[in-house]
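Trainee: Structure in structure tokens, see below.
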Amino acid sequence: MKKRDFIKTFGAIGLIPFSQNIRYDSLNKIENLLNTENLSDDDFWKLVRSQYDLNQDFINLESGYYNIIPKPTLKKQIEHIKRVNLEGSFYMRKSRFKDKSTITSELANFVGCNSKNLAITRNTTESLDLIISGFPWKSGDEAIYAYQDYGAMQDMFEQIGKRYGVVLKKVSVPNHPKNDMELISLYESQITSKTRLIMISHMVNITGQILPVKKICDMAHSYGVEVLVDGAHCVGHFNFKINNLNCDYYGSSLHKWLATPLGAGLLYVNNKHIPKIWPLIADHEKDPNKIQRLSHTGTHPVSTDLTIIDAIEYLNLIGIKKKESRLRFLKTYWQNALKNESNIVINTPFDPQRSCGIGNVGLKNMKPETLANRLYEEFGIFTVAIDYANVKGCRITPNIFTNKNELDTFIDAMKSLARS
């Protein structure tokens with residue numbers, strides 16, 4: 001396959017017309033164009049890289065906060081913005097809800113659940129805080145979560161602790177667990193007859209460690225305890241289906257690894273729990289069994305929601321398994337290059353089943369904030385410092401546009417700083 005044909009294929013995504021009812025044509029018929037025998041793996045990823053506008057002033061190793069979107073997806077977003085601006089209130093009153101229903105169905109198919117259990121939100125924090133704040137708590141109830149969990153959700157737990165008298169229990173997730181049972185037992189040891197909810201990270205945001213979600217859920221359910229899963233970094237990052245996790249609630253941010261525009265997330269709620277959750281914002285939907293009751297968004301940038309399907313189609317052209325493999329390769333590449341260096345501490349498991357594209361590395365002789373600043377100022381590498389719980393280092397999040405030359409620059413920089 002020639003480069004011009006590949007680019008035309010991706011560019012064609014931006015030419016798919018809208019009808020009033022947001023009818024999307026399937027791109028399955030052109031998926032196979034990417035699986036050509038005459039295109040090497042290196043050439044394939046070079047072509048993917050060409051689909052991104054990258055800032056030449058620095059090497060971006062902080063895709064975890066927000067994945068910049070590829071040019072074909074950006075083109076579609078701009079088209080959606082123009083369409084909504086052109087139609088104005090007509091679009092908002094006549095097409096918005098039908099479009100959102102279509103988008104939700106497509107997203108549910110991608111993540112592997114029923115659309116009746118899925119709501120589109122703005123981000124993971126909104127999704128998980130909706131459950132934490134809307135759960136039917138009583139004084140004396142207990143909740144369990146980890147020191148390594150995302151701060152916004154910990155803040156919400158602290159708020160409901162003060163508001164309802166909920167007892168909060170924290171565990172500390174080891175950076176290098178011996179096996180799944182060590183992690184399962186960690187949460188199990190805190191369960192009592194008063195435990196109502198456990199929150200776990202599917203992928204720990206500060207280290208990239210992947211937890212055995214289904215096993216923890218199965219254990220918790222044996223005690224009658226529900227499980228809320230923080231999957232902020234998982235959708236579009238590696239291959240999984242929500243229905244296979246046996247969780248009660250799942251939240252994710254789509255503007256991370258699915259690479260939608262900023263401001264898109266999802267919330268999954270198991271059928272039996274929908275009626276008992278109180279919404280953050282009341283909606284006109286009064287049927288307690290419908291998840292729409294929990295997902296009132298009012299007037300918001302609908303062009304972001306419209307672009308979700310374009311982001312899914314773009315990822316489907318690459319293939320989620322191929323992307324997962326590439327991200328794991330990039331993480332392993334720098335991880336192996338630094339693992340035997342003195343003064344370097346790697347805070348992410350090496351086991352390929354316990355991590356994918358996100359990693360964390362620190363220096364014994366340098367604070368994380370200083371390390372992040374020096375990587376940027378001296379080597380032009382942008383990342384983020386992590387300095388809490390048992391994690392002291394910089395989170396390293398390459399993306400599918402990252403190449404080995406950029407990682408070599410990072411590796412050399414870390415070795416230089418470690419020896420200074």
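Trainee: Condition first: under 15 Å from residue 240 (Cα atoms), assigned to a helix (DSSP H, G or I) and either more than 16 Å from the chain's Cα centre (by Cα) or modelled with pLDDT under 95 (or both). Now tell me which residues in the stretch 324-359 satisfy that.
Mentor: 325
Trainee: Being within 21 Å of residue 330 (Cβ to Cβ) and either out of contact with any helix residue (DSSP H, G or I) (no Cβ under 8 Å at 6 or more places or on another chain) or of a type in the set (Val, Ile, Thr) (or both): is that true of residue 227 here?
Mentor: Numbers: within 21 Å of residue 330 (Cβ to Cβ): no; either out of contact with any helix residue (DSSP H, G or I) (no Cβ under 8 Å at 6 or more places or on another chain) or of a type in the set (Val, Ile, Thr) (or both): yes.
Against the criterion (within 21 Å of residue 330 (Cβ to Cβ) and either out of contact with any helix residue (DSSP H, G or I) (no Cβ under 8 Å at 6 or more places or on another chain) or of a type in the set (Val, Ile, Thr) (or both)), residue 227 does not qualify.
Trainee: Follow-up question, since we're still on this one. Given the conditions (1) on the phi > 0 side of the Ramachandran plot; (2) assigned by TED's automatic domain parsing to the domain that holds residue 287; (3) over 23 Å from the mean Cα position of the chain (by Cα), report the number of the one that residue 88 does not fulfil.
Mentor: For residue 88, the failing item is (2).
Trainee: OK, next. In the stretch 360-416, which residues are within 23 Å of residue 175 (Cα to Cα), out of contact with any Lys or Arg (no Cβ under 7 Å at 6 or more places or on another chain), of a type in the set (Ser, Thr, Tyr) and not in a helix (DSSP H, G or I)?
Mentor: 388, 397
Trainee: Could you check the stretch 366-420 and list, in sequence order, the residues that are under 17 Å from residue 348 (Cα atoms) and surrounded by fewer than 16 Cβ atoms within 10 Å (Cβ to Cβ)?
Mentor: 387, 388, 390
Trainee: Of the numbered conditions (1) over 22 Å from residue 395 (Cβ atoms); (2) in contact with a Leu (Cβ under 8 Å, 6 or more places away or on another chain), residue 345 fails exactly one; give the number of that condition.
Mentor: The single condition residue 345 does not satisfy is (1).
Trainee: For the stretch 130-151, check the following and say yes or no: at least one residue is among the acidic types (Asp, Glu) and under 29 Å from residue 302 (Cα atoms).
Mentor: Checked against the condition, which is being among the acidic types (Asp, Glu) and under 29 Å from residue 302 (Cα atoms), the stretch 130-151 yields no hits at all.
Trainee: Give me the residue from the stretch 334-363 that is hydroxyl-bearing (Ser, Thr, Tyr) and crowded, with 17+ Cβ neighbours inside 10 Å and, out of that set, nearest to residue 418 (Cα to Cα). First the steps, then the outcome.
Mentor: Restricting attention to the stretch 334-363, the residues satisfying the condition of being hydroxyl-bearing (Ser, Thr, Tyr) are 342, 348, 355.
After this cut, where a residue has to be crowded, with 17+ Cβ neighbours inside 10 Å as well, the list is 348, 355.
On the way: 348: 18, 355: 24 Å.
Restricting to residues being hydroxyl-bearing (Ser, Thr, Tyr) and crowded, with 17+ Cβ neighbours inside 10 Å, the top hit is 348.
Trainee: Could you grab me the full set of residues in the stretch 299-333 that are β-branched (Val, Ile, Thr) and either surrounded by fewer than 20 Cβ atoms within 10 Å (Cβ to Cβ) or in contact with a Ser or Thr (Cβ under 6 Å, 6 or more places away or on another chain) (or both)?
Mentor: Here is the first cut: in the stretch 299-333, the ones β-branched (Val, Ile, Thr) are 299, 302, 304, 307-309, 312, 318, 320, 332.
Once the filter is applied, which keeps residues that are β-branched (Val, Ile, Thr) and either surrounded by fewer than 20 Cβ atoms within 10 Å (Cβ to Cβ) or in contact with a Ser or Thr (Cβ under 6 Å, 6 or more places away or on another chain) (or both), the stretch 299-333 yields 299, 307, 308, 318, 320, 332.
The values are calculated or read from the model by the stated rules, or taken from the named source; none is laboratory data. From a predicted model like this one, the values you see are computed outputs, not experimental measurements. Don't worry about glycine lacking a Cβ; one is built from the backbone with ideal geometry, like all the others, and counts go over all protein chains shown.
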